[in-house]
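*Asks:* Dumping the structure here so I can ask a few things about it.
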Amino acid sequence: MPRIGAHVSIAGGLERAFARGEELSCETIQIFTKNQLQWRSAPISQGRAERFLRAWGESSIADVIVHSSYLINLAATDATGEKSIAALEDEVERCDILGIEDLVLHPGSSKGNPADQSLDLMSERLKTVLERTAHTRVNILLETMSGQGNHLGSDFGQLRRIFENLDWEPRMGICLDTCHMFASGLDFRTEPTYRRLLGHIDSSVGLDRVRCWHFNDSAHPLGRKLDRHAHIGEGELGTTPFSLILTDPLWEDVPCILETPLEGAGHGRDIAILRKLRGR
């Protein structure tokens with residue numbers, strides 16, 4: 001069955017993420033390995049890595065997903081582009097030393113440039129990072145986006161273009177965000193529309209490329225291209241889509257990570273709802 005979890009804080013040390021995850025009854029967690037709003041960060045020492053791996057081994061958490069910095073934009077045509085290459089390479093290396101195999105990346109923004117041109121530039125830079133980190137087993141998962149502003153990645157055709165540019169590199173994967181897909185205009189609130197979505201994903205990039213879900217309800221109606229997360233069942237998606245995903249054998253052992261708001265009942269309530277929808 002799919003694994004239910006949440007994004008948790010690393011405040012006070014990377015290894016503390018496991019206690020926070022277990023407190024929420026997580027089976028899987030997502031973390032940042034550094035401040036997501038800063039370009040530079042201290043490298044992970046061997047001692048820090050050992051503490052992290054020991055805490056992981058002593059916990060009940062099965063998987064750890066890392067979310068990369070929000071600053072990275074491989075499609076940028078200014079100095080941000082080159083900084084993003086170095087930052088993403090560093091993110092991959094940080095995952096590698098921690099024994100983590102999956103790194104989620106926002107596809108970036110075209111900043112008003114032609115989308116195809118931006119996607120091709122992003123692909124070139126991804127290829128550079130993949131080549132420089134070929135010694136690792138870390139996968140880069142492109143997250144589906146809402147289409148807000150000039151953000152890339154709300155269209156599976158765009159993601160397919162990147163995969164084709166990279167000759168279907170096996171270390172490239174997908175993270176499906178429920179709020180983002182709904183905001184971009186993809187409806188999957190019923191069994192037929194959910195199955196249609198799966199067919200669309202499979203024909204575009206392949207269902208085998210999906211290594212992670214981000215579980216978020218949407219505060220805005222279908223197709224508004226507005227990225228605002230809501231607690232499970234409190235937004236426009238409702239609970240049915242999450243039930244369909246959680247009871248689908250297709251997603252056996254795939255991490256389903258909550259990124260819902262921390263205010264209100266927080267992740268604890270949402271995890272309890274997801275467990276009920278899953279059946280246990």
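Values quoted throughout were computed directly from the atomic coordinates according to the rules given, and no laboratory measurement underlies them. What you are looking at is a predicted structure, and each value in this text was computed from that prediction instead of being measured. Methodologically, a virtual Cβ is constructed for each residue, glycine included, from the backbone with ideal geometry; neighbour enumeration extends over all protein chains shown.
*Asks:* Sorting 205, 8 on the 10 Å Cβ count, fewest up front, what's the list?
*Replies:* Least crowded to most crowded, the residues run 205, 8.
*Asks:* Hey, any idea what the orientation-averaged projected area of the convex hull of the stretch 135-226's Cα atoms comes to, in nm²? Intermediate values should be presented prior to the final figure.
*Replies:* Numbers: hull surface 25.1 nm².
Average of the hull's projected areas for the stretch 135-226 equals 6.3 nm².
*Asks:* Please give me, ordered by residue number, the chymotrypsin sites (Phe, Trp or Tyr not before Pro) of the stretch 146-237 that lie in loop per DSSP and have at most 12 other Cβ atoms within 10 Å.
*Replies:* 168
*Asks:* What percent does the relative contact order of the stretch 39-176 come to when contacts are Cα pairs within less than 8 Å and at least six residues apart?
*Replies:* 23
*Asks:* Among 166, 198, 216, flag the residue with its Cα farthest along the positive direction of the charge dipole of the chain, charges on Cβ as +1 for Lys/Arg and -1 for Asp/Glu.
*Replies:* Of 166, 198, 216, it is 216.
*Asks:* Could you pull out every residue, at least 5 positions away or on a different chain, whose amide H is within less than 5 Å of the one on residue 142? Hs are placed 1.01 Å off N in the peptide plane, and Pro or chain starts have none.
*Replies:* Amide H neighbours of residue 142, under 5 Å, 5+ apart: 105, 173, 174, 175.
*Asks:* Taking a ≥ b ≥ c as the square roots of the Cα gyration tensor eigenvalues, with a/c under 1.5 meaning rounded and otherwise prolate when a/b beats b/c, else oblate, which class fits the stretch 3-278?
*Replies:* Oblate is the answer for the stretch 3-278, as a/c is 1.5 or above yet b/c matches or exceeds a/b.
*Asks:* Another question, if that's okay. Quick one: what are the phi-derived ³J(HN,Hα) couplings along the stretch 59-64, Karplus 6.51/-1.76/1.60 with θ = phi - 60°, whole Hz, x for glycine and proline?
*Replies:* Once rounded to whole Hz, the list reads 9, 9, 6, 7, 10, 10.
*Asks:* Where the only charges are on Cβ atoms (+1 Lys, Arg; -1 Asp, Glu), what is the dipole of the stretch 1-98 about its Cα centre, to the nearest 20 debye?
*Replies:* Dipole magnitude for the stretch 1-98 comes out near 260 debye.
*Asks:* Report, ordered by chain and residue number, the lysines lying within cross-link reach of residue 225, taken as a straight Cα distance under 17 Å and ignoring same-chain residues fewer than 8 apart.
*Replies:* Output for residue 225: 111.
*Asks:* If you take every DSSP beta bridge fully contained in the stretch 3-278, what fraction is antiparallel? Give it as a percent rounded to 5.
*Replies:* Just about 10 percent of them are antiparallel.
*Asks:* Going by amide H atoms built from the backbone, whose H comes under 5 Å of the H on residue 218, apart from near neighbours?
*Replies:* 230, 235, 236, 237, 238
*Asks:* Please list 25-31, 146-152, 198-204 highest first by mean number of surrounding beta-carbon atoms within 10 Å per residue. Each step should come with its number before you reach the end.
*Replies:* Numbers: 25-31: 22.6, 146-152: 18.7, 198-204: 15.0.
Final packing ranking: 25-31, 146-152, 198-204.
*Asks:* Then there is this: Using Cα pairs closer than 8 Å and at least 6 residues apart in sequence, work out the relative contact order for the chain, in percent.
*Replies:* It rounds to 19 percent for the chain.
*Asks:* Calculate the dipole size of the chain relative to its Cα centre from +1 charges on Lys and Arg beta carbons and -1 charges on Asp and Glu beta carbons; express the result in debye to the nearest 20.
*Replies:* Value, rounded to 20: 400 debye.
*Asks:* Using θ = phi - 60° and the Karplus relation 6.51 cos²θ - 1.76 cosθ + 1.60, list the HN-Hα couplings for the stretch 133-147 in order, rounded to whole Hz, with x at every Gly or Pro.
*Replies:* 10, 5, 6, 9, 10, 7, 8, 9, 9, 6, 8, 5, 10, 7, x
*Asks:* Out of residues 5 or more away from residue 258 or on other chains, whose amide H comes under 5 Å of its own, with H placed 1.01 Å from N in the peptide plane?
*Replies:* 5, 6, 7, 215
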